[in-house]
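K.L.:
Supplied in structure tokens, the structure appears directly below.
The values are calculated or read from the model by the stated rules, or taken from the named source; none is laboratory data. Quick caveat: nothing in here was measured; it's all calculated off a predicted structure. Please note: Cβ atoms are built from the backbone with ideal geometry, for glycine as well, and neighbour counts cover all protein chains shown. Surface accessibility is based on the protein's heavy atoms, side chains included, excluding ligands, DNA and RNA. Shrake-Rupley method; radii C 1.70, N 1.55, O 1.52, S 1.80 Å.
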Amino acid sequence: MGLFSQEEYNYRIAEVRASMVEKGFSALLVTDPCNLYYLTGYDAWSFYMPQCVYLPIEGDIYFIGREMDAKGAGYTCFLDDNHCFGYPEPLVHRSDTHPAEWIANKLKELGILQIGATGKVGMELDEDFLTPRTYLTLVEKLPGVRFADSQELINWVRVRKSDHEIEVMKKAAAVTEHTMLTAIDAIRPGRRQCDIAADIVKAQTEGTPEAGGDYPAIVPMMPTGKAAGTPHLTWSEDPMPDQVSSTIELTGVYHRYHVPMARTVSLGKPDPDLQRVAQIVGEGMDVALSTIRPGILARDVELAWRSVTSKYGLSKPSRIGYSIGIGYPPDWGEHTVSLRLEDENVLQSGMTFHLILGIWDKQWGYELSEAIHVTENGVERFTHLPQQLTIK
């Protein structure tokens with residue numbers, strides 16, 4: 001089993017079941033790999049195939065997946081062999097049948113028809129790896145079951161981290177710092193961007209002496225030159241030019257917990273507008289961080305940021321932060337609280353966010369971010385690198 005005790009898993013399951021009662025669900029079919037990991041510790045690159053955790057409101061919890069993956073569940077998952085089932089290999093990638101047919105039959109054996117006849121069975125219908133064919137097959141093969149969208153029910157339970165989870169994220173943060181320092185050192189004119197990315201990936205993987213790295217939910221992003229005016233671009237094989245800026249967004253990962261960070265590097269003398277924006281964003285970061293504490297609304301952080309940028313005639317239409325924690329490809333966000341004007345969720349101690357401030361222009365971009373932990377007394381940064389434009 002992984003880093004967490006059986007007591008912590010029992011607590012998580014109890015909290016999810018309490019939310020199920022509140023929202024009227026009698027069972028859940030959980031397919032988000034983050035939520036499988038959260039509930040059971042199951043951790044494998046198997047999410048590209050149909051798999052799920054079956055969680056009834058009472059009784060045992062079960063893992064159902066591909067046969068070869070179900071056999072390996074015991075290496076990471078607290079469930080024993082009697083609670084892990086695998087569909088046969090001949091069902092994989094067939095046009096005339098589908099693993100969901102086998103899964104439906106197994107769910108019948110586990111009593112889903114009785115539960116589904118009297119109550120709702122939730123499915124995560126906006127989750128990346130629940131395919132339309134899987135969903136439609138389950139609905140077809142389980143006609144007596146009343147399925148409903150559970151939305152981000154488990155994600156919302158995950159929003160507040162336990163003390164142990166915070167300690168795990170602090171270890172991930174050390175990997176983040178090591179990786180960002182590696183990235184800043186690796187960037188220099190003439191080096192191929194792919195070689196710089198290779199240094200970053202190596203640093204993410206090796207981690208620190210105290211915390212070995214894990215693979216990230218998102219690859220390193222490093223838009224450069226004019227492309228830096230657009231976020232979410234990766235790298236090319238082109239040499240790094242001189243007299244340009246590059247925005248670097250990456251993460252350290254420890255046992256699937258992510259602590260992202262963004263910084264900006266200028267090779268040579270930076271554009272005066274870039275320098276000006278860097279100072280404004282730094283001021284905005286200070287004000288946003290000083291605002292964060294339990295009891296405020298998520299939108300209050302955005303308003304604090306805008307109180308700075310509006311003075312200088314700048315705007316950032318996208319959100320300035322989002323909840324983080326467990327991550328699997330293709331995203332490290334928790335899909336719950338966002339720091340933006342439309343979000344009126346109340347911040348609570350134990351919440352963790354990626355506060356990312358970015359301003360993008362036609363000729364350059366500037367990004368500065370911090371991963372943070374809302375504490376009883378305010379806010380704590382997970383990392384402690386300088387918040388400034390790096391000039392090389």
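K.L.:
Look at LEU250 and say whether it is at pLDDT 95 or above, closer than 26 Å to ASN35 by Cα, of a type in the set (A, V, I, L, M) and over 21 Å from the mean Cα position of the chain (by Cα).
P.N.:
For LEU250, the condition - at pLDDT 95 or above, closer than 26 Å to ASN35 by Cα, of a type in the set (A, V, I, L, M) and over 21 Å from the mean Cα position of the chain (by Cα) - is not met.
K.L.:
Can we say ASP69 is assigned to a helix (DSSP H, G or I), of a type in the set (D, E, K, R) and either open to solvent by 50 Å² or more (accessible area, probe 1.4 Å) or closer than 15 Å to THR40 by Cα (or both)? Explain how you work it out, then say what you get.
P.N.:
On the way: assigned to a helix (DSSP H, G or I): yes; of a type in the set (D, E, K, R): yes; either open to solvent by 50 Å² or more (accessible area, probe 1.4 Å) or closer than 15 Å to THR40 by Cα (or both): yes.
Yes; evaluated as a whole, the condition is true for this residue.
K.L.:
While we're on this one: Is it the case that ASP300 is open to solvent by 10 Å² or more (accessible area, probe 1.4 Å) and outside any loop (DSSP other than H, G, I, E, B)? Step through it out loud before you land on a result.
P.N.:
Values: open to solvent by 10 Å² or more (accessible area, probe 1.4 Å): yes; outside any loop (DSSP other than H, G, I, E, B): yes.
The answer is yes for ASP300.
K.L.:
Of all residues in the stretch 156-165, how many are of a type outside the set (Lys, Arg), open to solvent by 10 Å² or more (accessible area, probe 1.4 Å) and either within 14 Å of VAL16 (Cα to Cα) or in contact (Cβ under 8 Å) with a residue 60 or more places away in the chain (or both)? Walk me through it before giving the result.
P.N.:
First, the residues of the stretch 156-165 that are of a type outside the set (Lys, Arg): 156-157, 159, 162-165.
If we keep only those that are open to solvent by 10 Å² or more (accessible area, probe 1.4 Å) too, we end up with 156-157, 162-164.
Still in the list and also either within 14 Å of VAL16 (Cα to Cα) or in contact (Cβ under 8 Å) with a residue 60 or more places away in the chain (or both): 156-157, 162, 164.
Of the residues in that region, 4 qualify.
K.L.:
State all residues of the stretch 90-107 that are farther than 15 Å from LEU142 by Cβ and within 30 Å of the chain's Cα centre (by Cα); if no residue qualifies, say none. Walk me through it before giving the result.
P.N.:
Start the filter on the stretch 90-107 by keeping residues that are farther than 15 Å from LEU142 by Cβ, which leaves 90-97.
Within the stretch 90-107, VAL92, HIS93 meet the criteria.
K.L.:
Here is a follow-up. Could you identify the single residue in ASP242, ASP185 that is in a loop (DSSP other than H, G, I, E, B), more than 20 Å from the chain's Cα centre (by Cα) and acidic (Asp, Glu)? Walk me through it before giving the result.
P.N.:
Numbers: ASP185 fails: in a loop (DSSP other than H, G, I, E, B).
After ruling out the rest, the residue left standing is ASP242.
K.L.:
Scan the stretch 359-374 and give yes if some residue there is charged (D, E, K, R) and farther than 30 Å from PRO272 by Cβ, otherwise no.
P.N.:
From the stretch 359-374, those charged (D, E, K, R) are 361-362, 367, 370; that's our starting set.
Then drop every residue that is not farther than 30 Å from PRO272 by Cβ, which leaves none.
No; the residues of the stretch 359-374 include none that is charged (D, E, K, R) and farther than 30 Å from PRO272 by Cβ.
K.L.:
Give me the pairs, please: first residue somewhere in the stretch 137-153 and under 15 Å from VAL30 (Cα atoms), second residue anywhere and open to solvent by less than 60 Å² (accessible area, probe 1.4 Å) and in a loop (DSSP other than H, G, I, E, B), beta-carbon distance under 6 Å, and either six or more positions apart or on two chains.
P.N.:
The qualifying pairs are SER150/GLU124.
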